[in-house]
Amino acid sequence: MKELALWNEGDWIAVITVVVLAVFLTIGAKIAVQREPEFAGHPKGLYMLFFAEMWERFSYYGMRALLIFYLTQHWLFSDSKSTLIYGAYTSLVYITPVLGGYLADRYLGQRKAVVFGGVLLAVGHSLMAVEGVGGQDDPTINVFWAALAFIIVGSGFLKANISVMVGQLYKLTDIRRDGAYTIFYMGINVGAAIGTIMVGYLGQTIGWGFGFGLAGIGMLAGLVVFVLGKKALRGAGEPPAPISRHKELTLYATGIAAVAVIWALVQYQDVIQTLLAISGFALLGYVLYESFKLPKEPRERMFAILFLISLNPLFWGLFEQAGGSMNLFTDRFVDIGGVPASIFQSINPIYIIIFAPVFAALWQYLGKRGKEPSAPAKFGLALVQMGLANLVLVWGAEAFGMAAMTPVIFVFLYYLLATTGELCLSPVGLSAMNRLAPTHLASLIMGAWFYMTAVGNFVAGKIGEATGGHDGELSKQGLLDIYEMFGWISIGAAVAVLLVSPVVKRWMHLDTLRDDAAPGAQ
């Protein structure tokens, strides 16, 4: 009877999934076939990009919610090794956009790069559904490594370019640009929330292949809508110059070759650590070198940029425990009433949907009254909240006893503080990079921002590895000790950042920034 009930429940989830897919595909197709150039006050191309990115995030975050459990329960890696693999994987997802963005800017154009990336992602998510028998001695594990490699490189081609295409739909002076990015940003988080719930539920209750297979179907859905909506893009994302068929195929072959390289890299996390350290120091050193070539004010703005970038590894190293050690903690030591732990990964995107407009309105309200915190001060507030997230979880777990299951309310509080911290750092950082960077170094600076975010993801893997202790298996006390230590480290760093934030704000020279520094600005 229990097995019958489970499958009946699974049938309901399958029906709901099909309905959701059908609804979004119908809406996307309806917009695509309309002849009018705009829909609801925005170019139709915006909605094509919205759906494509929504489904890509559906598949990525759905798979991410399951990954740590797949590593520990199916492939039988230790907790420490699993969190390290998780960190290596997510760090590479943030590095490959450098390759994808470069090839699109110089040769392919963003549209073709997105299509190619979508195909690689669909292949990767489909390969994730190939389970084999499990265990590290199963040769099928090589298919798993290949799946990760396809997803990593596919994300590089898609993630790097689809956001750029949103901006290409509008003139630089179009007042609808901010609204367009808000709509697009909501698509990201809607996809992330739905994906973690549906993919996570199917993967942990019915079978890994069902969950990962659904992620692959979601990616295919986004790719279909994007291809059907080509005309709606009205020329956005096309190559900067005509490109021969031979050269185009060579670029695709380069992407496939990158999959082979990543397939090897993701299996050897120590190599990734070394490469990140060497190339990271080289990148920041080059940025610093370029800074000294500039006049005083642009040079000091570059110093401010470097200061903000340097905080990424600590914040994201703690924040990205969500899909790793925090996921395991929720599964094993929190009273979640039989709900699959992966579903709790949807809390963050749901909070984002709720609180992003609130924070946008808050900054605008404070700005009009001259009381808005500076970008470095907001970074300090982000670190305070991330530290408090850790300490609140530790306090809650210890208050109810180490032998007892931790009440689920503390998981919600943890993600609430982590999310409000994210809203003080991530959008603010992207805006600061774009605002402060000299025009001729804008792409380099944005690349450095994402690179240090990648470093933060790898740091997350190392922190997660430490929660496993000497035997590699996560313990409640071991995790809480690590979380408490880094909670205080984050708050200590926040105090230091807040103390120096007036100096960093002066380096930004906001009073002398001019709109005419940007091409086409009026």
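The values are calculated or read from the model by the stated rules, or taken from the named source; none is laboratory data. All of these numbers come straight from a predicted model, not from anything done at the bench. Neighbour counts run over all protein chains shown; Cβ positions are idealised from the backbone, glycine included.
Which condition breaks for Lys171 when tested against (1) more than 21 Å from Gly207 (Cβ to Cβ); (2) over 18 Å from the mean Cα position of the chain (by Cα); (3) assigned to a helix (DSSP H, G or I)? Looking at each condition in turn, Lys171 falls short on (3).
Among the residues making up the range 231-244, a single one is part of a helix (DSSP H, G or I) and surrounded by fewer than 16 Cβ atoms within 10 Å (Cβ to Cβ): Lys231.
Regarding the range 337-344, can at least one residue be identified that is crowded, with 18+ Cβ neighbours inside 10 Å and either among the acidic types (Asp, Glu) or closer than 22 Å to Ala88 by Cβ (or both)? Scanning the range 337-344, I find at least one residue that is crowded, with 18+ Cβ neighbours inside 10 Å and either among the acidic types (Asp, Glu) or closer than 22 Å to Ala88 by Cβ (or both), so the answer is yes.
Here Phe333 meets the list (1) touching a helix residue (DSSP H, G or I) at 6+ places or on another chain (Cβ under 6 Å); (2) surrounded by 23 or more Cβ atoms within 10 Å (Cβ to Cβ) almost entirely, failing just condition (2). In the range 182-193, is there at least one residue being among the aliphatic types (A, V, I, L, M) and modelled with pLDDT of 90 or more? Yes, the conditions are met somewhere in the range 182-193. Of the residues making up the range 94-143, those that are in contact (Cβ under 8 Å) with a residue 24 or more places away in the chain, closer than 21 Å to Ala215 by Cα and of a type in the set (Val, Ile, Thr) number 7.
For the criterion of being surrounded by 15 or more Cβ atoms within 10 Å (Cβ to Cβ) and outside any helix (DSSP H, G or I), Leu480 fails. Considering the range 73-108, and only residues there that are in a helix (DSSP H, G or I), at pLDDT 85 or above and small (Gly, Ala, Ser), the residue that is farthest from the chain's Cα centre (by Cα) turns out to be Ser80. Of the set (1) at pLDDT 95 or above; (2) touching a Lys or Arg at 6+ places or on another chain (Cβ under 8 Å), all apply to Ala375 but (1).
Conditions (1) over 20 Å from the mean Cα position of the chain (by Cα); (2) of a type in the set (Ser, Thr, Tyr), marked per residue:
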{"residue": "Phe400", "(1), (2)": "yes, no"}
{"residue": "Thr406", "(1), (2)": "yes, yes"}
{"residue": "Phe410", "(1), (2)": "yes, no"}
{"residue": "Tyr415", "(1), (2)": "no, yes"}
{"residue": "Thr419", "(1), (2)": "no, yes"}
{"residue": "Glu422", "(1), (2)": "no, no"}
{"residue": "Leu425", "(1), (2)": "no, no"}
{"residue": "Arg435", "(1), (2)": "yes, no"}
{"residue": "Leu444", "(1), (2)": "no, no"}
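Within the range 252-262, is even one residue surrounded by fewer than 16 Cβ atoms within 10 Å (Cβ to Cβ) and aromatic (Phe, Trp, Tyr)? No; the residues of the range 252-262 include none that is surrounded by fewer than 16 Cβ atoms within 10 Å (Cβ to Cβ) and aromatic (Phe, Trp, Tyr).
Being touching a helix residue (DSSP H, G or I) at 6+ places or on another chain (Cβ under 8 Å), of a type in the set (Phe, Trp, Tyr) and either closer than 19 Å to Ala258 by Cα or surrounded by fewer than 23 Cβ atoms within 10 Å (Cβ to Cβ) (or both) is the requirement here; does Tyr86 meet it?
Values: touching a helix residue (DSSP H, G or I) at 6+ places or on another chain (Cβ under 8 Å): yes; of a type in the set (Phe, Trp, Tyr): yes; either closer than 19 Å to Ala258 by Cα or surrounded by fewer than 23 Cβ atoms within 10 Å (Cβ to Cβ) (or both): no.
No.
Return yes when Leu444 is part of a helix (DSSP H, G or I) and surrounded by fewer than 22 Cβ atoms within 10 Å (Cβ to Cβ) and no when it is not.
On the way: part of a helix (DSSP H, G or I): yes; surrounded by fewer than 22 Cβ atoms within 10 Å (Cβ to Cβ): yes.
Yes, satisfied.
With respect to the conditions (1) of a type outside the set (Phe, Trp, Tyr); (2) under 30 Å from Leu444 (Cα atoms); (3) surrounded by fewer than 24 Cβ atoms within 10 Å (Cβ to Cβ), Ala104 lacks only one, and its number is (3). Look at the range 491-512: where a residue is at positive phi and assigned to a helix (DSSP H, G or I), no partner that is surrounded by fewer than 17 Cβ atoms within 10 Å (Cβ to Cβ) and among the hydroxyl-bearing types (Ser, Thr, Tyr) sits 6+ places away or on another chain with Cβ atoms under 7 Å. Looking at Lys293, Lys247, just one residue is farther than 23 Å from Ala493 by Cβ, outside any helix (DSSP H, G or I) and in contact with a helix residue (DSSP H, G or I) (Cβ under 9 Å, 6 or more places away or on another chain), and that residue is Lys293. Here Tyr70 does not fit the description of being part of a helix (DSSP H, G or I), under 14 Å from the mean Cα position of the chain (by Cα) and closer than 24 Å to Thr205 by Cβ.
A single member of Val199, Val225, Val166 is over 20 Å from Phe116 (Cα atoms), buried (at least 21 other Cβ atoms within 10 Å of the Cβ) and touching a helix residue (DSSP H, G or I) at 6+ places or on another chain (Cβ under 6 Å), and it is Val199. So, Val119, is that one surrounded by fewer than 24 Cβ atoms within 10 Å (Cβ to Cβ) and part of a helix (DSSP H, G or I) or not? In short, yes.
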